[in-house]
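*Asks:* I have a structure here, written as structure tokens, and I will follow up with some questions on it.
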Amino acid sequence: MNKPCDIAICDAGSLAGETLIRLFEEAILPAGNVYLLSDTAEKGATIELSGEEVDVLPAATFEFMDVDLVLIPVGGGISESVIGQALAANCMVIDGSLGAAGHSGAVVALPGLNEEALDVAVAQKRLVVPASPAAMALTALQAINDVSLINRVDMTACQSVSRQGNAGIDALRKQTVGLLNGKPVDHGIFPHRIAYNLIPQVGALTSEGISAEELMVETEIWAGLNDSGIDVRATCITVPVFYGDNLAVTVDLDGPVDITAVRSALDAVDRIDLYEGNDYPTVEQSASSDQILLGRLRAIPGNKESLSFWVSGDACRQGAIAIMAMAQRLIGDFL
């Protein structure tokens, strides 16, 4: 693209939006005008961007004809009607909103994953970046799938309260202080108290007892690996940490595990830091890290076609990194 790209960042007042804005400031992009949008911010709200206070505009009434590219942060809350307005205005949309991978014909991509489908995404003006814990696992799963096809994925996702944005962080902080001072606490936005507790639910539960987050994991793994025949089984748990998600993943392959080949494939992925031997990452290492940290890679004794591993990462920051990487790719090669 020869001229600067005019950009709108949606859900700007959220935690995910704020993280995306900070990374946007660091990125090297041929950006022209930049608009910050939100339908939840107070009237007259401003956000600092590159040293200047920028007005936050309502998304529902924004003139999308004024921009070339719309960025929706991972996990962001934005109505489908607003996205429709952007598409109708011929904007390119990088969509990290909840459930985006489930729309018809969605092209799901991450840096290094499914980038061969970007032509299709550009043609339909919408590229989806995964919003569930699948985002942190997909890069590793693709590398493994290139070694031996995956038949099944079992995932337990331990998700920090940052998944619920600033409201989740505030709730954990207040509950922790209250309990330490011997006071009763309100569970607030969570279905149960989160301080000093675990909640095996992220999102609403269906009549079958499956959470919205678990359904998203399934949809995004299918879309990311372009294989709806994979048996995906996910359990999502909210844990009492502020930032940093952890995944325990087991995969069944269509042939015997070559752990050396798998390790080499994972080690070759720039976005993954692979821990050796019995070493492994924790939330302490992953919070605010730009990398996906992977450890405890091992074959399953007694099952020659299965392997397990542990993934740790700052999901909020990882989502923003993915959005910006795909924006740079699209601006450089397509827009």
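*Asks:* Return yes when Ser50 is under 24 Å from Gln318 (Cβ atoms) and exposed (fewer than 12 other Cβ atoms within 10 Å of the Cβ) and no when it is not.
*Replies:* So Ser50 fits the description; yes.
*Asks:* Return the pair list, or none, for Cβ contacts closer than 7 Å from residues in the stretch 321-335 that are over 17 Å from Pro73 (Cβ atoms) to residues that are assigned to a loop (DSSP other than H, G, I, E, B) and acidic (Asp, Glu), at least 6 apart or on different chains.
*Replies:* Leu335/Asp68
*Asks:* Mind checking which helices (runs of 4 or more DSSP H) fall wholly inside the stretch 226-334 and carry at least 1 residues that are within 30 Å of Ala31 (Cβ to Cβ), under 17 Å from the mean Cα position of the chain (by Cα) and of a type in the set (S, T, N, Q)?
*Replies:* Qualifying helices (runs of 4 or more DSSP H): 283-286, 315-333.
*Asks:* Being of a type outside the set (Gly, Ala, Ser), modelled with pLDDT of 95 or more and assigned to a helix (DSSP H, G or I) narrows it down to one residue among Asp154, Asp146; which is it?
*Replies:* Result: Asp146 is the single residue among Asp154, Asp146 that is of a type outside the set (Gly, Ala, Ser), modelled with pLDDT of 95 or more and assigned to a helix (DSSP H, G or I).
Condition check ((1) touching a helix residue (DSSP H, G or I) at 6+ places or on another chain (Cβ under 6 Å); (2) not β-branched (Val, Ile, Thr)) across all residues:
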site: Val283; (1), (2): no, no
site: Leu293; (1), (2): yes, yes
site: Gly302; (1), (2): no, yes
site: Leu307; (1), (2): no, yes
site: Ala320; (1), (2): yes, yes
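*Asks:* Give the residues of the stretch 226-249 that are out of contact with any Leu (no Cβ under 7 Å at 6 or more places or on another chain) and surrounded by fewer than 17 Cβ atoms within 10 Å (Cβ to Cβ), sorted by residue number.
*Replies:* Asn226, Asp227, Ser228, Gly229, Asp231, Arg233, Ala248
*Asks:* Can you pull out every residue in the stretch 171-200 that is open to solvent by 80 Å² or more (accessible area, probe 1.4 Å), over 25 Å from Asn246 (Cβ atoms) and not polar (S, T, N, Q)?
*Replies:* Residues satisfying the conditions are Lys183, Pro184, Asp186.
*Asks:* Please go through the stretch 284-335 and give me each residue that is under 27 Å from Ala100 (Cα atoms) and of a type in the set (Ser, Thr, Tyr), ordered by number.
*Replies:* Result: Ser286, Ser288, Ser289, Ser312.
*Asks:* Let me ask another. Tally the residues that are more than 17 Å from Ile221 (Cβ to Cβ) and touching a residue at least 24 places away in the same chain (Cβ under 8 Å), restricting the search to the stretch 86-110.
*Replies:* 11
*Asks:* Where residues in the stretch 290-322 are of a type in the set (Asp, Glu) and surrounded by fewer than 19 Cβ atoms within 10 Å (Cβ to Cβ), which of them is modelled with the highest pLDDT?
*Replies:* Across the stretch 290-322, the extreme among qualifying residues is Glu305.
The values are calculated or read from the model by the stated rules, or taken from the named source; none is laboratory data. Because the structure is a prediction, the values reported are computed rather than measured. Heads up, the Cβs are rebuilt from the backbone with ideal geometry, glycines too, and the neighbour counts pull from every protein chain shown. Surface areas here come from the heavy atoms of the whole protein model, side chains and all, with no ligands, DNA or RNA. Shrake-Rupley method; radii C 1.70, N 1.55, O 1.52, S 1.80 Å.
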